[in-house]
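Taking it in order: structure first as structure tokens, then the write-up.
The values are calculated or read from the model by the stated rules, or taken from the named source; none is laboratory data. If you're wondering where the values come from, they're calculated on a predicted model, not measured in any experiment. Cβ sites come from the backbone with ideal geometry, for glycine too, and all protein chains shown count toward neighbours.
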Amino acid sequence: MSGLNTLTIADARDKLRSKEISAVELTEACNAAVAGSDALNAYSVKTPEMALEQAKAADARLGQGDAPDLCGIPLGIKDLFCTKGVESQAASNILAGFKPEYESTVTTKLWDSGAVMLGKLNMDEFAMGSSNETSAYGAAVNPWRRQGSDAPLTPGGSSGGSAAAVSGDLCLAATGTDTGGSIRQPAAFTGIVGVKPTYGRVSRWGIIAFASSLDQAGPMTKTVRDSAIFLNAIAGHDAKDSTSADMAVPDFEAALTGDIRGRKIGLPKEYRLDGMPAEIEKLWADGADMLRDAGAEIVDVSLPHTKYALPAYYVLAPAEASSNLARYDGVRYGHRAKLQKGEGIHEMYARTRAEGFGPEVQRRVMIGAYVLSAGFYDAYYRRAQRVRTLIKKDFEDVYASGVDAILTPATPSAAFGLGEMADADPVKMYLNDVFTVTVNLAGLPGVSVPTGLDSQGLPLGLQLIGKPWEEADMLNTAYALEQSAGFVSKAEKWW
Amino acid sequence: MSIDKDTARKVAHLARIEVPEDQLDALAGELNGILGFMEQLNEVDVDGVEPMTSVTPMRLKRRADVVTDGDQQDKILSNAPDAREGFFAVPKVVE
């Protein structure tokens, strides 16, 4: 049977349960797709034998009946997740050869559900980037191309390998992580669905930390339903992550009725940027019309501190990163620099980090050290924390006025070409996150849904932002948007 | 606030990242660009606003003060660049 790798989770689940296909057949189709995908550079490690072993076990479990939804479903795992015995490097040379002795909580839950691991997925180094170009493995490549062009495009970042793999049918779904937009922006660039859950909904334990107060793992899938199924499997309290929420997890898939009559959807005026491409404006207006036609009420809202989200983020995230990345010192794992005669441990630390970290990571670690240093802590870090309070309050005020969800563009443009931003200053790259970063600062759930193509045939996405812990309602609105938009385009296979 | 070459050297030291002397000027320029972007935050009136320390209004859970794990020296040392006799080994530190 061919083409099984193109199935959604929901369809594969039904076919596995009805014994129309086996987990081994499904996994073999995915392994073959992965083996033929080197031009996309989506996988940093391939684990086909491990996948087949897991698939056999899944078939046995399916044979006994009562298997979980993800039983036998082949997935790709972002390189940021620690997977026992399998290289987990955060796409950094400083973790060269690192094979964890433990398994992250998210992947533990996935394997306990019977899911199958196809391999590890490319990403920006330590999840710092918006184009996958900071990866020590080289950039992953977007399966999509501009019409009439074979110029390689970015799949976005930091979860670029995850996005390329899901979009190119190199897995049924993948894990991502999102600190400032790293699930939602690549999902939009590749025509897939990406969900950043409420901060605390999913355990961060065993995920290599970037900015701990902002990081959250989530699903990257072909449909909204698949994201709901995936989130069901990974959400929930974990005693090993003290910031994970000890509260009931609803059935996200059961919430997908498509009925959004009476829901109030806000359009924030501050997201209407000067110089925003007309295509993005139209996409946004069309999305609002679709939700209105489905029975929702569309209202204008204001999030007055939006403009300050990016600068606040680029103080707070590097500050947390400089602390989290202090552990990479060449002592316990990964790379250690070679020393000359007469040099000691101080040279070892500084040279190990100069050799092991790429330029963007070095930049952020140094910015973080600066904004936390004596004399500048109050002016930068403390002030950014105060602005973060105001950004969160903006959302609280809107939700208190009766709004159920907020609709925005997911990205300010379609996918750009690899290398096109090479000479731009770092701040220009940071602008990719302009619509997504507020959600991390406020700890809210967000979802990116593909709803259209631009004039060059590239996918564009819209973002829905939900209330805290209301992923189920947010996903139902996303489901209604998905049904109305009817986005079914796929990249033409060239790799 | 602007970063000069000496400040760049100090920041690199704080971050424990070796930066060659001839690259410090370029580094100072880059950091200034990013810090300039952050200066926008000075436009915001933050008087009386509490700094956010936790995005979700919940108390950190406490766990029982008991041993839950341990006795896995081999696993802990398995990824070390240099491990000897059950320890992480580093260059001599005595000054």
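If you check B:Q23, B:Q40, which single one turns out to be closer than 30 Å to A:Y333 by Cα and of a type outside the set (F, W, Y)?
B:Q23
From A:S159, A:S113, which residue is farther than 24 Å from A:P409 by Cβ, touching a Pro at 6+ places or on another chain (Cβ under 6 Å) and either surrounded by fewer than 24 Cβ atoms within 10 Å (Cβ to Cβ) or small (G, A, S) (or both)?
Within the list A:S159, A:S113, the selection yields A:S113.
Taking A:R353, is it closer than 29 Å to A:Y102 by Cβ, at the interface with chain B (Cβ under 9 Å from one of its Cβ atoms) and assigned to a loop (DSSP other than H, G, I, E, B)?
no
Looking for something in a strand (DSSP E or B), more than 14 Å from chain B (Cβ to nearest Cβ), closer than 21 Å to A:S44 by Cβ and of a type outside the set (V, I, T) - is there at least one such residue anywhere in segment A:137-151?
No; the residues of segment A:137-151 include none that is in a strand (DSSP E or B), more than 14 Å from chain B (Cβ to nearest Cβ), closer than 21 Å to A:S44 by Cβ and of a type outside the set (V, I, T).
Name the pairs: first residue in segment A:354-380 and hydroxyl-bearing (S, T, Y), second residue outside any helix (DSSP H, G or I) and modelled with pLDDT under 95, Cβ to Cβ under 7 Å, at least 6 apart or on different chains?
Qualifying pairs under 7 Å: A:Y370/A:F376.
Just a yes or no: is a residue in segment B:48-69 more than 9 Å from every other protein chain (Cβ to nearest Cβ) and either in contact (Cβ under 8 Å) with a residue 12 or more places away in the chain or surrounded by 14 or more Cβ atoms within 10 Å (Cβ to Cβ) (or both)?
Within segment B:48-69, none of the residues are more than 9 Å from every other protein chain (Cβ to nearest Cβ) and either in contact (Cβ under 8 Å) with a residue 12 or more places away in the chain or surrounded by 14 or more Cβ atoms within 10 Å (Cβ to Cβ) (or both).
Would you pick out the residues in segment A:365-379 that are part of a helix (DSSP H, G or I) and within 9 Å of chain B (Cβ to nearest Cβ)?
Of everything in segment A:365-379, those that are part of a helix (DSSP H, G or I) and within 9 Å of chain B (Cβ to nearest Cβ) turn out to be A:V365, A:M366, A:I367, A:G368, A:A369, A:Y370, A:V371, A:A379.
Here's the yes/no breakdown for (1) buried (at least 22 other Cβ atoms within 10 Å of the Cβ); (2) closer than 17 Å to A:G466 by Cβ; (3) free of Cβ contacts under 8 Å to residues at least 60 places away in the same chain; (4) more than 14 Å from chain B (Cβ to nearest Cβ):
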position	(1), (2), (3), (4)
A:Y271	no, yes, no, yes
A:M290	no, no, no, yes
A:V299	no, yes, no, yes
A:P304	no, no, no, no
A:A309	yes, no, no, no
A:A326	no, no, yes, no
A:L339	no, no, yes, no
A:G344	no, no, yes, no
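Condition check ((1) among the β-branched types (V, I, T); (2) over 16 Å from A:A211 (Cα atoms); (3) assigned by TED's automatic domain parsing to the domain that holds A:Q463) across all residues:
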{"site": "A:F357", "(1), (2), (3)": "no, yes, no"}
{"site": "A:A379", "(1), (2), (3)": "no, yes, no"}
{"site": "A:I391", "(1), (2), (3)": "yes, yes, no"}
{"site": "A:D394", "(1), (2), (3)": "no, yes, no"}
{"site": "A:A400", "(1), (2), (3)": "no, yes, no"}
{"site": "A:A410", "(1), (2), (3)": "no, yes, yes"}
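What are the residues in segment A:409-427 that are within 14 Å of chain B (Cβ to nearest Cβ) and not in a helix (DSSP H, G or I), if any?
Within segment A:409-427, A:D423, A:A424, A:D425 meet the criteria.
Would you mention how many residues in segment A:380-403 are more than 7 Å from chain B (Cβ to nearest Cβ) and in a helix (DSSP H, G or I)?
Total meeting the criteria: 10.
Considering only residues of segment A:190-209 that are touching a strand residue (DSSP E or B) at 6+ places or on another chain (Cβ under 7 Å) and hydrophobic (A, V, I, L, M, F, W, C), which is nearest to A:L325 (Cα to Cα)?
Among them, the one singled out is A:I207.
Out of A:A35, A:A23, A:A12, A:A29, I need the residue that is in contact with a strand residue (DSSP E or B) (Cβ under 8 Å, 6 or more places away or on another chain), surrounded by 19 or more Cβ atoms within 10 Å (Cβ to Cβ) and either at pLDDT 95 or above or of a type in the set (K, R) (or both). Which one?
So the residue among A:A35, A:A23, A:A12, A:A29 that is in contact with a strand residue (DSSP E or B) (Cβ under 8 Å, 6 or more places away or on another chain), surrounded by 19 or more Cβ atoms within 10 Å (Cβ to Cβ) and either at pLDDT 95 or above or of a type in the set (K, R) (or both) is A:A23.
Only residues that are more than 7 Å from every other protein chain (Cβ to nearest Cβ), under 12 Å from A:Y349 (Cα atoms) and crowded, with 18+ Cβ neighbours inside 10 Å: list them for segment B:1-16, please.
none
For residues in segment A:257-269 being among the aliphatic types (A, V, I, L, M) and surrounded by 21 or more Cβ atoms within 10 Å (Cβ to Cβ), which is farthest from A:Y399 (Cα to Cα)?
Restricting to residues being among the aliphatic types (A, V, I, L, M) and surrounded by 21 or more Cβ atoms within 10 Å (Cβ to Cβ), the top hit is A:I260.
Please state which of the following conditions A:Y430 fails to meet, knowing it meets all the rest: (1) over 29 Å from A:R261 (Cβ atoms); (2) in a loop (DSSP other than H, G, I, E, B); (3) within 21 Å of the chain's Cα centre (by Cα).
Checking A:Y430 against (1) over 29 Å from A:R261 (Cβ atoms); (2) in a loop (DSSP other than H, G, I, E, B); (3) within 21 Å of the chain's Cα centre (by Cα), the one that fails is (2).
Which of the residues spanning segment A:52-85 are β-branched (V, I, T) and either assigned to a helix (DSSP H, G or I) or closer than 12 Å to A:L121 by Cβ (or both)?
A:I77, A:T83 - these are the residues of segment A:52-85 that are β-branched (V, I, T) and either assigned to a helix (DSSP H, G or I) or closer than 12 Å to A:L121 by Cβ (or both).
Check segment A:224-246 and report whether any residue there is of a type in the set (V, I, T), in contact with a strand residue (DSSP E or B) (Cβ under 8 Å, 6 or more places away or on another chain) and assigned to a loop (DSSP other than H, G, I, E, B).
No, segment A:224-246 contains no residue that is of a type in the set (V, I, T), in contact with a strand residue (DSSP E or B) (Cβ under 8 Å, 6 or more places away or on another chain) and assigned to a loop (DSSP other than H, G, I, E, B).
Results for (1) among the charged types (D, E, K, R); (2) in contact with a strand residue (DSSP E or B) (Cβ under 6 Å, 6 or more places away or on another chain); (3) assigned to a helix (DSSP H, G or I), shown as yes or no for each residue.
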position	(1), (2), (3)
A:E279	yes, no, yes
A:A288	no, yes, yes
A:A317	no, no, yes
A:N324	no, no, yes
A:K341	yes, no, no
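So, A:Y313, is that one among the aromatic types (F, W, Y), within 12 Å of chain B (Cβ to nearest Cβ) and over 28 Å from B:T53 (Cβ atoms) or not?
So A:Y313 fails the test.
From the list B:V19, B:V93, which one is at pLDDT below 95 and within 9 Å of chain A (Cβ to nearest Cβ)?
Selected residue: B:V93, the only one of B:V19, B:V93 that is at pLDDT below 95 and within 9 Å of chain A (Cβ to nearest Cβ).
In the set B:D25, B:D74, which member is more than 7 Å from every other protein chain (Cβ to nearest Cβ), under 30 Å from A:E87 (Cα atoms) and part of a helix (DSSP H, G or I)?
Criteria check complete, one pass: B:D74.
Pick from A:A209, A:A233: which is out of contact with any Ser or Thr (no Cβ under 6 Å at 6 or more places or on another chain), surrounded by fewer than 24 Cβ atoms within 10 Å (Cβ to Cβ), outside the structural domain of A:A326 (by TED's automatic domain parsing) and aliphatic (A, V, I, L, M)?
Sole residue among the options that is out of contact with any Ser or Thr (no Cβ under 6 Å at 6 or more places or on another chain), surrounded by fewer than 24 Cβ atoms within 10 Å (Cβ to Cβ), outside the structural domain of A:A326 (by TED's automatic domain parsing) and aliphatic (A, V, I, L, M): A:A209.
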